[in-house]
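> Sharing a structure with you now.
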Amino acid sequence: RIDTLGQFSANGIALTNAGPLTVAGPIDARSGGLLLTLSQGDLAIDGSVSAADIRLEVAGGISQGDDGQLVANSLSGRAGGAVVLGDAERFVDNRIERIGDFTAREGFSMTNGRSLTLVSLNGSDFTIDAGSADFYLAVDGDLRQDGTDWLYNGRGTWSATGGIGL
């Protein structure tokens, strides 16, 4: 039961927590992967999180503060609540290259400060599954999809400063 995760660096990090967690960071696992599993509560990302691959498995929702940033080759995960990694009112400069195998049926929003590719990761047959909830994705660069795997949402909003397509 960790309440706040502060500055931490390792080749790879796997943390399972039985309650809500605030990541104050910075967290540096760039040469390895980062797996955060919360069996109860929400995840608040209020600091920088860097890893080769990030996977978030959260019983509740995932939110990101003004000083929060995700930097990774890939992002995947699931959340029992809404995922808000930036939105239409607040652009968060995340630096994710690929996103896939992410389930957030209570809603999903993300902003990214570089080109982003939607892909099937970890053997999934979808990129993002927001169920019938609202979906928002804004990218500073190109927004691409690698393959034809589905993205599920109720009402979706997409924007990119570059191109959008396959």
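> Output ³J(HN,Hα) for segment 83-99: one whole-Hz value per residue in order, computed from phi by the Karplus curve 6.51 cos²θ - 1.76 cosθ + 1.60 with θ = phi - 60°, and x for Gly and Pro.
Values, residue by residue: 10, 10, 10, x, 7, 5, 8, 9, 7, 9, 7, 5, 10, 9, 8, 9, 9 Hz.
> Right, something else. Could you go through segment 135-151 in sequence order and give the Karplus-derived ³J(HN,Hα) for each residue, using 6.51 cos²θ - 1.76 cosθ + 1.60 with θ = phi - 60°, rounded to whole Hz, and x for Gly and Pro?
9, 9, 9, 10, 10, 8, x, 8, 10, 10, 10, 9, x, 10, 5, 6, 10
> Another question, then. Between Asn122 and Ser39, how high is the FRET efficiency from 1/(1 + (r/R0)^6) when r is the Cβ-Cβ distance and R₀ = 22 Å? Nearest 0.05.
Calculated value: 0.65.
> Hey, another quick one. If I ignore ligands, DNA and RNA and count only protein heavy atoms, how much of Arg30 is accessible to a 1.4 Å probe, in Å² to the nearest 10?
We get 140 Å² for Arg30.
> Expressed as a whole percentage, what fraction of the accessible surface of the chain belongs to carbon and sulfur atoms when a 1.4 Å probe is rolled over the protein heavy atoms?
Here carbon and sulfur together make up 45 percent of the probe-accessible area.
> Kirkwood Rh, Cα Rg: Rg to Rh for the chain?
Looking at the chain, the ratio lands at 0.94.
> Can you tell me the accessible area per residue over segment 7-166, all protein chains present, probe 1.4 angstrom, in square angstrom? The partial results should precede the final answer.
On the way: 6950 Å² over 160 residues.
Roughly 43 Å² per residue, with all protein chains present.
> Another question, then. Viscosity 1.306 mPa s, temperature 10 °C: Stokes-Einstein D of segment 1-97 from its Kirkwood Cα radius, in µm² per second?
123 µm²/s
The values are calculated or read from the model by the stated rules, or taken from the named source; none is laboratory data. All figures in this text were calculated on a predicted structure; none of them were measured in a lab. Please note: Cβ atoms are built from the backbone with ideal geometry, for glycine as well, and neighbour counts cover all protein chains shown. Protein only, heavy atoms only, side chains kept; ligands, DNA and RNA dropped before computing areas. Shrake-Rupley method; radii C 1.70, N 1.55, O 1.52, S 1.80 Å.
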